[in-house]
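The values are calculated or read from the model by the stated rules, or taken from the named source; none is laboratory data. Since this is a predicted model, take the numbers as computed values, not measurements. In this analysis, Cβ positions are derived from the backbone assuming ideal geometry, glycine residues included, and neighbour counts consider all displayed protein chains. We work out accessible area using only protein heavy atoms, side chains counted, and drop any ligands, DNA or RNA first. Shrake-Rupley method; radii C 1.70, N 1.55, O 1.52, S 1.80 Å.
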Amino acid sequence: MPRSYGAGLATGITISVIAAALAPLWQPAASRYGRRAARAALKHGMGAYELGRDRLAEWSETMGDLMAEAQVERAAGQSAAAAAEPEAMPPHPAPAPR
């Protein structure tokens, strides 16, 4: 039989009440070591952000180079195709209005 949401809610409330009752025991340790852990996590997060920003800039530059090369090749292919086509006859002049 599946558990209902009420069971999860009751468990969450029970854990919260126990944590609040034991707060005088765990708060000093959390404030002492939690600050160090938070600072270390922030430093690592900033490092990861900078690394990601650098990698994204490199990737963007590479994609820009590839786009430019593809445009040059496409233009060269179009001009070669236009040169290979026979000269089209000029359009007939429109008759003069009466």
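Extension gain for Ala81 to Ala21 (0.36 nm times residue separation, less C-alpha to C-alpha distance): 13.4 nm.
Taking label points 7 Å from Cα along the Cα-to-Cβ direction, Met46 and Leu9 give a separation of 4.3 nm. What the Cβ-Cβ distance of Glu58 and Arg36 gives, at R0 = 35 Å and to the nearest 0.05, is a FRET efficiency of 0.55.
When the surface is traced with a 1.4 Å probe over the full set of protein chains, Ile18 keeps roughly 90 Å² accessible.
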